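Please treat every number below as a calculation from the coordinates, not as lab data. Note that the structure is predicted; figures quoted are calculated from it, not measured. Cβ sites come from the backbone with ideal geometry, for glycine too, and all protein chains shown count toward neighbours.
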Amino acid sequence: MTMMPDHKGTSVLPRRVLARIHIAKRDLGLDDDDYRDVLERVTGRRSAAQLGQDDMPGLQREFRRLGWQGYLIRLEDMPPLKYQDVDERPGRPTGAQLRMLEARFRNIKGFATRDPEYALRSFLEKVVGASHPLLLDDRGFERALTVIKRLEQARGVKEPWRGRRGD
């Protein structure tokens with residue numbers, strides 16, 4: 001994907017990519033607030049005009065997770081998934097479980113930080129005594145997930161994967 005600066009200086013993404021982002025928003029039935037929450041959770045920005053090429057893989061994965069079947073970038077341009085190499089560890093969470101834990105943690109309002117990975121590691125250290133998600137065993141994973149679910153409920157955090165496209 002080639003990056004073209006917008007003549008107004010507002011976006012570095014090509015118009016066709018911005019259009020795909022807005023098509024995904026429409027197809028997923030996201031209202032403006034939910035859409036901006038998704039953008040902020042995934043990229044740290046609340047407007048598509050502020051996004052860069054590096055934001056596209058994460059945003060595409062999130063849209064796909066929410067049920068969108070389109071694409072922002074080609075599959076061969078997607079970097080490997082985080083934690084994809086840890087699926088075969090007996091007694092430990094899979095890569096998909098770790099990605100889900102991290103996504104739910106980032107979804108909790110009030111945990112907005114410049115370094116969300118550090119925030120997650122600090123959270124895990126306090127809750128289960130593990131200094132990194134890769135150090136979690138199944139029991140620690142379940143404990144951390146339970147605490148995250150309680151925080152989501154206490155803070156009224158929406159679950160973006162519920163109530164979309166026939167769920």
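Some points to look at:
- Per-residue Karplus couplings for segment 141-151, computed as 6.51 cos²θ - 1.76 cosθ + 1.60 with θ equal to phi - 60°, are listed in order as 4, 4, 5, 4, 5, 4, 5, 4, 4, 5, 5 Hz, Gly and Pro entered as x.
- Environment charge at R92 (Cβ cut-off 13 Å; Lys +1, Arg +1, Asp -1, Glu -1): -4
- Equivalent ellipsoid semi-axes - Cα gyration tensor, segment 15-77, angstrom: 15, 14, 11
- Residue-wise HN-Hα coupling along segment 54-70, computed from phi with Karplus coefficients 6.51, -1.76, 1.60 (Hz; x: Gly, Pro): 5, 7, 5, x, x, 5, 4, 4, 5, 4, 5, 4, 7, x, 6, 9, x
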